[in-house]
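The values are calculated or read from the model by the stated rules, or taken from the named source; none is laboratory data. Computed from a prediction, not measured in an experiment: that's the story for all the values here. Counting neighbours? That spans all protein chains shown, and the Cβs are built from the backbone with ideal geometry, glycine included.
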Amino acid sequence: MFQDQTLTCRDCGQPFTFTAGEQEFYQSRGLMNQPGRCPNCRAANKAARGGGGGGGYAYSTGGGGGGYGGSDRPRREMFPATCSQCGKETQVPFQPRGDKPVYCSECFESVRGGRGY
């Protein structure tokens with residue numbers, strides 16, 4: 001059984017929650033180490049590296065190859081959010097307003113699959 005853990009970000013030194021849902025996700029992917037960075041520093045680090053490969057966000061940074069091949073398109077700003085379904089911390093490409101649910105990539109796929117998108 002997993003329980004939320006409070007970890008300290010190695011970049012900014014701020015505490016952040018490694019939720020039970022995130023721990024279960026890490027285990028399901030065979031990841032053995034806890035995250036060392038808070039969600040904001042993880043996003044900033046990923047952006048500094050140029051976006052990287054298929055990331056774990058419900059939305060990509062652009063269509064068809066966004067961020068690759070010298071595109072002049074500006075990087076999409078990502079905002080921290082908490083998944084309305086599982087409680088996992090995530091990043092989304094819009095400012096959550098609180099009047100609609102926000103999902104992590106895993107929950108978004110299950111919700112989207114049920115609607116026939």
Task: Test: Val111 is surrounded by 12 or more Cβ atoms within 10 Å (Cβ to Cβ), at pLDDT below 90 and closer than 27 Å to Thr6 by Cβ - done: no
Task: Filter result for the condition that a residue is modelled with pLDDT of 90 or more and buried (at least 17 other Cβ atoms within 10 Å of the Cβ), over Arg10, Arg37 - done: Arg37
Open item on the list: If Gly67 satisfies all but one of (1) of a type outside the set (Lys, Arg); (2) on the phi < 0 side of the Ramachandran plot; (3) surrounded by 13 or more Cβ atoms within 10 Å (Cβ to Cβ); (4) at pLDDT below 90, what's the number of the condition it fails?
Closed with: (2)
- [ ] Please work out which one of (1) among the aromatic types (Phe, Trp, Tyr); (2) out of contact with any Phe, Trp or Tyr (no Cβ under 8 Å at 6 or more places or on another chain); (3) at pLDDT 85 or above is the condition Tyr59 fails and give its number.
- [x] (3)
